[in-house]
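As structure tokens, the structure follows; a few thoughts come after it.
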Amino acid sequence: MRTPSPFTSPQVAGNMGAFAPILQLDQGENMSRQLPSEDAPGPARPARPNPALQESLKRYWRTNLKIMMVLLAVWAVAGLGCGVLFADALNAYSLGGYPLGFWFAQQGAIVVFVLLILVYSLLLNRLDARHHAEMERLKQGGGEEQP
Amino acid sequence: MTVTAWTFVFVGLSFGLYLLIAWLSRVRDTQGFYVAGRGVPAAANGMATAADWMSAASFISMAGLISFMGYAGGMYLMGWTGGYVLLALLLAPYLRKFGHFTVPDFIGDRYASNTARLVAVVSALFVSFTYVAGQMRGVGVVFSRFLEVDINVGVAIGMAIVFIYATLGGMKGITWTQVAQYWVLITAFLIPAIAISIRLTGHAFPQIGLGSELIEGGYLLDKLDKIHADLGFSSYTAAFDGPWDMANVFLVTLALMAGTAGLPHVIVRFYTVKTVRAARTSAFWALFFIALLYLTAPATGAFARYYMIDSLQGRTAAQLPDWFRSWEKTGLILWLDDGDRRLRYSGGADNEIFSFKAGRVVVEGESMSLAQITRSHQAWIASGGSEGRDWRPLFREAGLTGPDRDIIVLATPEMAELFAWIVALVAAGGLAAALSTASGLLLVISSAVAHDLYARVINPAASEKQRLLVGRSVIGVAVVVAGLFGIFPPGFVSQVVAFAFGLAAASFFPAIVLGIFHKRVGTAPAVAGMIVGLAFTSFYIVASVYGGMAPWTFGLFERGISPQGIGAIGMALNFLVTLGLTPFCREPSDEVKNLVDSVREPEG
């Protein structure tokens, strides 16, 4: 199934006009803080004005970034660290007939990479499922509050 | 049955299978043609990605590279797998959520600029053509060695096969064919490696065999280190002992990682799955299937190194093994004796093993063929130096010492005297690797021209039928162009592959990552960053590879930076320029910000 990308079509962009004030406010905040967008709150989503939904989305994105940062740190240490920067030092130790630094460069790093992606996809797919359930709940709750 | 007969059987069967799959998965709309109707299951997509990724270079050349480079060969292993971590964590799920057809699509929409789209299209075309030329050549080499047909006929047959299944089935045909090709290539790679591992070390897993004791005693790697030391080669396992220092290994690894994540034919595979979830799972399967080969290649490399030195060193002409005789004909391995009638392969000036890839060389105004060179060298030995000439110094100066690294994988089954059908299977595997990568690249070329240029810029009102027709025609033209590259190989093919990774790392990777993770980045900084990254990287590679420029040390490193690693610095420049300009430039429109928000959110 094709996912449409509504934000590139002018009609949908026009529909957002109603929420323009909210949008303006958030942008102002964004600029004055001058933070990289990873930490900055996203602008209000015009399609979902519900603040609880916004919170949920923000939480989801922060958790995602946290998981990503940790895994990328492991990636860097295993590959560029053990495989390259510390390879010489690690070669003083051995793993069976393998000098350890050599093993990391030709075997260990690759095994770690495969496991990293596995862990990432399991964690994120679970996070997605939780996020989905939360969104559904909030959407229903939000609907009841409306007059 | 002879090796040639077996090869005909395996190649014939596998080609028949590819055509059958093509017929079964023919398509009627652009959705099917570009992204396989987004109906590919995650594991199948992972397999197809693996086949797409593992080219003739991975299958044929990589184990050979490792065999000659030892530890430093790890930069290819880590670079070409570590890139998938970046891809899975930073790009794949978001691009799938974005949900268009191509990489230039994302860049063009995210930065709301046709200039950005155009820069991306040009990079995608350049990267893909560079890559595809090497694949077609690989097809020709396999055909000429194993089926004893002319290289050009081999290329033409390969072209015809790809033409049929790529135009008929587009991405759908290509994907399912690649799944079949994955099985052919991985079987062909693993069987010889396992057989040799059992023979040398008694272990069925080559990964364990590599770190084990030889049946004849002593650890394999210890023994290789000792042989290397005795013969004057740099150590096999020690880090940074040879020509590669730490800074270069680091930068090349990083450039290959970021380049891998930025290569359009890899990224586009993640558009073909059903959901964002599936994109993540599929990235895992892709690296898992790739790792099966990449964890085996270092073992094949080391086994081959051991066998090769062991079976050649100190032999007389009569004692030389059969594999040497059959590969000698291709010129990829060549013995120029010093007159003592015993072969000596070493890392020093007394080395007698060389390779000769080109058909002829021009020496002092005279065009010489391989046969003429051998005759002249024989005359020099027989006459004690009064006739002919000693060719060794010339070859040494030209950097042609040692056998060509490409023969390692193809000749290893013969070295280990495995059955004829295993040797033939390797030929079919090499073809599968080359064809699967070529078809993936051709689709990127087709989509860049037919979708990004024709449908998005030139004629946005084109009907579905017109778009599909243009897509098919462009693939057809691209196959022919790629085939011509294979038949008349531009001398620079092997060097430009470094170019492909460097450019992808310096242009696409930062632009896409910032596009997703930094909402404030607008059009001008991104385009400026891409152009600076591209310009710097291309300048450095062109100047140092063709212009004879001495590699730069940047005042930081002990040795100059290899053109293969320069993409890492180009990428850093791209990030710096983009982030540096961002506070001073207009921020993106609300429309674009909403696009970023929608890409970040898995729902909806």
Practice task
Could you list all residues from region B:273-287 that are farther than 18 Å from B:M171 by Cβ and crowded, with 19+ Cβ neighbours inside 10 Å?
Solution key: B:V276, B:R280, B:T281, B:F284, B:L287
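Looking only at region B:211-265, count every residue that is under 30 Å from B:Y94 (Cα atoms), more than 10 Å from every other protein chain (Cβ to nearest Cβ) and either in a loop (DSSP other than H, G, I, E, B) or more than 18 Å from the chain's Cα centre (by Cα) (or both) and tell me the total.
Initial filter on region B:211-265 (under 30 Å from B:Y94 (Cα atoms)): B:250-265.
Still in the list and also more than 10 Å from every other protein chain (Cβ to nearest Cβ): B:255-256, B:258-265.
Add one more test, that the residue is either in a loop (DSSP other than H, G, I, E, B) or more than 18 Å from the chain's Cα centre (by Cα) (or both), and what stays is B:263.
Summing the residues that are under 30 Å from B:Y94 (Cα atoms), more than 10 Å from every other protein chain (Cβ to nearest Cβ) and either in a loop (DSSP other than H, G, I, E, B) or more than 18 Å from the chain's Cα centre (by Cα) (or both) in region B:211-265 gives 1.
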Completion exercise
Scanning region B:68-114 for residues that are facing chain A (nearest Cβ under 7 Å) and aliphatic (A, V, I, L, M), the one farthest from B:L595 (Cα to Cα) turns out to be B:L77
Fill in the blank from the handout: Within region B:227-262, the count of residues that are crowded, with 24+ Cβ neighbours inside 10 Å, closer than 18 Å to B:P298 by Cα and modelled with pLDDT under 90 comes to 1
Handout entry: The one condition in (1) within 14 Å of another protein chain (Cβ to nearest Cβ); (2) closer than 22 Å to B:L89 by Cα; (3) part of a helix (DSSP H, G or I) that B:I512 fails to fulfil
Key = (1)
Problem - Residue among B:T102, B:T167 that alone is surrounded by fewer than 24 Cβ atoms within 10 Å (Cβ to Cβ) and β-branched (V, I, T) - result: B:T167
Exercise for the section: Answer yes if at least one residue in region B:532-548 is among the small types (G, A, S), within 12 Å of B:P510 (Cβ to Cβ), at pLDDT 85 or above and assigned to a helix (DSSP H, G or I), and no otherwise. Expected result: yes
Practice task
Kindly check whether there is at least one residue in region B:387-394 that is of a type in the set (D, E) and at positive phi.
Solution key: no
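Restricting to region B:13-38, name every residue that is within 12 Å of another protein chain (Cβ to nearest Cβ) and surrounded by fewer than 15 Cβ atoms within 10 Å (Cβ to Cβ).
Just the residues of region B:13-38 that are within 12 Å of another protein chain (Cβ to nearest Cβ), to begin with: B:29-32, B:34-38.
Correct list: B:D29 only.
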Problem - Failed item in (1) touching an Asp or Glu at 6+ places or on another chain (Cβ under 8 Å); (2) surrounded by fewer than 18 Cβ atoms within 10 Å (Cβ to Cβ), with B:L336 passing the rest - result: (2)
Handout entry: Whichever residue in region B:581-604 is more than 7 Å from chain A (Cβ to nearest Cβ) and small (G, A, S) and, among such residues, is nearest to B:G108 (Cα to Cα)
Key = B:S589
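Out of all the residues in region B:156-178, which are under 15 Å from B:F270 (Cα atoms) and among the β-branched types (V, I, T)? Lay out the reasoning, then the answer.
First, the residues of region B:156-178 that are under 15 Å from B:F270 (Cα atoms): B:171-172, B:174-176, B:178.
Listed by number, the residues that qualify are B:I174, B:T175.
Show me the helices (runs of 4 or more DSSP H) entirely contained within region B:372-477 in which 2 or more residues are free of Cβ contacts under 8 Å to residues at least 24 places away in the same chain and farther than 30 Å from B:D29 by Cα. Talk me through it step by step, then tell me what you get.
Working: elements: B:392-397, B:407-415, B:420-447.
Counting at least 2 such residues, we get B:392-397.
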Exercise for the section: Tell me, yes or no, whether region B:556-571 has at least one residue that is under 18 Å from B:A120 (Cα atoms), among the hydrophobic types (A, V, I, L, M, F, W, C), in a loop (DSSP other than H, G, I, E, B) and more than 24 Å from the chain's Cα centre (by Cα). Expected result: no
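Does B:S367 satisfy being of a type in the set (G, A, S) and within 14 Å of chain A (Cβ to nearest Cβ)?
Against the criterion (of a type in the set (G, A, S) and within 14 Å of chain A (Cβ to nearest Cβ)), B:S367 does not qualify.
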Exercise for the section: Could you run through region B:36-79 and say how many residues are over 16 Å from B:G173 (Cβ atoms), among the hydrophobic types (A, V, I, L, M, F, W, C) and touching a strand residue (DSSP E or B) at 6+ places or on another chain (Cβ under 8 Å)? Expected result: 1
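Let's see how each residue does on (1) under 16 Å from B:V480 (Cα atoms); (2) free of Cβ contacts under 8 Å to residues at least 60 places away in the same chain:
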{"residue": "B:V103", "(1), (2)": "no, no"}
{"residue": "B:S128", "(1), (2)": "yes, no"}
{"residue": "B:G134", "(1), (2)": "yes, no"}
{"residue": "B:V149", "(1), (2)": "no, yes"}
{"residue": "B:G154", "(1), (2)": "yes, yes"}
{"residue": "B:Y165", "(1), (2)": "yes, no"}
{"residue": "B:G170", "(1), (2)": "no, no"}
{"residue": "B:W176", "(1), (2)": "no, no"}
{"residue": "B:Y182", "(1), (2)": "no, no"}
Fill in the blank from the handout: Expected output for region B:269-297 (first residue in contact (Cβ under 8 Å) with a residue 60 or more places away in the chain, partner part of a helix (DSSP H, G or I) and hydroxyl-bearing (S, T, Y), Cβ below 6 Å, 6+ apart or cross-chain) is B:R269/B:T49; B:V273/B:S282; B:R280/A:S121; B:T281/A:S121; B:F284/A:S121; B:A286/B:T49; B:L287/B:Y84; B:Y294/B:T81
Practice task
Among what's in region B:172-210 and is surrounded by 24 or more Cβ atoms within 10 Å (Cβ to Cβ) and in contact with a strand residue (DSSP E or B) (Cβ under 9 Å, 6 or more places away or on another chain), pick the residue that is nearest to the other protein chains (Cβ to nearest Cβ).
Solution key: B:L210
Handout entry: Candidate set: region A:86-97, residues that are of a type in the set (A, V, I, L, M) and surrounded by fewer than 18 Cβ atoms within 10 Å (Cβ to Cβ); chosen: the one farthest from the other protein chains (Cβ to nearest Cβ)
Key = A:A92
Problem - The lone exception for B:T330 - which of (1) away from chain A (no Cβ under 11 Å); (2) assigned to a helix (DSSP H, G or I) it fails - result: (2)
Practice task
Tell me the helices (runs of 4 or more DSSP H) entirely within region B:16-115 that contain at least 3 residues that are of a type outside the set (A, V, I, L, M, F, W, C).
Solution key: B:30-35, B:42-53, B:74-86, B:92-98, B:103-110
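The values are calculated or read from the model by the stated rules, or taken from the named source; none is laboratory data. Quantities reported herein were computed from a predicted structural model and do not represent experimental measurements. Every residue, glycine among them, receives a Cβ derived from its backbone with ideal geometry; neighbour counts consider all protein chains shown.
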